[in-house]
1. Regarding A:A93, is this residue buried (at least 19 other Cβ atoms within 10 Å of the Cβ), at pLDDT 95 or above, under 23 Å from B:F100 (Cβ atoms) and within 9 Å of chain B (Cβ to nearest Cβ)?
2. Identify, by number, the condition in (1) under 30 Å from A:F97 (Cβ atoms); (2) under 16 Å from the mean Cα position of the chain (by Cα); (3) touching a residue at least 60 places away in the same chain (Cβ under 8 Å) that B:S27 doesn't meet.
3. Among the listed residues A:G3, A:G16, A:G59, which satisfies the condition of being within 24 Å of B:R94 (Cα to Cα) and over 13 Å from the mean Cα position of the chain (by Cα)?
4. Select from segment A:70-86 the residues that are outside any helix (DSSP H, G or I), open to solvent by 40 Å² or more (accessible area, probe 1.4 Å) and not polar (S, T, N, Q) and list them in ascending order.
5. State which residue pairs qualify: first residue farther than 17 Å from B:L74 by Cα and inside segment B:40-54, second residue among the β-branched types (V, I, T) in any location, beta carbons under 8 Å apart, and separation of 6 or more residues or different chains.
6. Restricting attention to segment A:96-113, and to residues there that are assigned to a strand (DSSP E or B) and under 15 Å from B:I98 (Cβ atoms), which single residue is nearest to the other protein chains (Cβ to nearest Cβ)?
7. Filtering segment B:12-51 down to residues that are at the interface with chain A (Cβ under 8 Å from one of its Cβ atoms) and of a type in the set (S, T, Y), which residue is most open to solvent (accessible area, probe 1.4 Å)?
8. Could you grab me the full set of residues in segment A:30-43 that are surrounded by fewer than 17 Cβ atoms within 10 Å (Cβ to Cβ) and either under 12 Å from B:K97 (Cβ atoms) or in contact with a Ser or Thr (Cβ under 8 Å, 6 or more places away or on another chain) (or both)?
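The values are calculated or read from the model by the stated rules, or taken from the named source; none is laboratory data. Please read all numbers here as calculations on a predicted model, not as lab measurements. For neighbour counting, all protein chains shown are included, and Cβ atoms are generated from backbone atoms with ideal geometry for every residue, glycine included. Please note that ligands, DNA and RNA were not included when accessible areas were found on the heavy atoms of the full protein model with its side chains. Shrake-Rupley method; radii C 1.70, N 1.55, O 1.52, S 1.80 Å.
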Amino acid sequence: EAGVTQFPSHSVIEKGQTVTLRCDPISGHDNLYWYRRVMGKEIKFLLHFVKESKQDESGMPNNRFLAERTGGTYSTLKVQPAELEDSGVYFCASSPFGTDTQYFGPGTRLTVL
Amino acid sequence: GQNIDQPTEMTATEGAIVQINCTYQTSGFNGLFWYQQHAGEAPTFLSYNVLDGLEEKGRFSSFLSRSKGYSYLLLKELQMKDSASYLCAVLPNRDDKIIFGKGTRLHILP
């Protein structure tokens, strides 16, 4: 069974540019989560989809971040315009609804210069 | 508030045993995870404790005391490939976000 995949693995952009991260969860997993780890800090929650609906977006830093999950399969996370403090590793995780264990992707390392 | 504490770094010798401690204070508690993360890779699931006690899985064991807000991960017969970060994390509610500690970077010396 394929795991959670994320694209790209690395992205280097300049401040003010736009970047879109993609996550493909494990097939059949209704829950999809975005997390972020900035340098020296713990992994922190950004938002949670159940199928195509946003269940919880309390962790989104501000309105420069937009997440979508059209069709309830893959998800995208767009940062527009990017700021220096957005640099970090963005992880995606998925799980079947009604279960506890979340399976993580390898992350996208975003560097904003 | 939500708080999970674990040591920042630990060093141990190949073939030895190491215990990584974790204390937590969270608004809810459904279970506690331990994940292993090698540099540049995905956090991979090691264990999930819901009830008090020790759960053993090969060379790795995880212990939970809910009344004390305490867990540990025990690694036996250490191998060089065990050099990684170990993340303690709490799931406050099912189908909810995970709260992570900062992770413990474990260095294995030959």
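1. yes
2. The single condition B:S27 does not satisfy is (2).
3. A:G3
4. Start the filter on segment A:70-86 by keeping residues that are outside any helix (DSSP H, G or I), which leaves A:73-83.
From what is left, the residues that are open to solvent by 40 Å² or more (accessible area, probe 1.4 Å) are A:73-74, A:78, A:80-81, A:83.
Selection gives A:Y74, A:K78, A:P81, A:E83.
5. Cβ pairs passing all conditions: B:A42/A:V4; B:P43/A:I43.
6. A:F104
7. B:T44
8. Answer for segment A:30-43, where residues must be surrounded by fewer than 17 Cβ atoms within 10 Å (Cβ to Cβ) and either under 12 Å from B:K97 (Cβ atoms) or in contact with a Ser or Thr (Cβ under 8 Å, 6 or more places away or on another chain) (or both): A:V38, A:M39.
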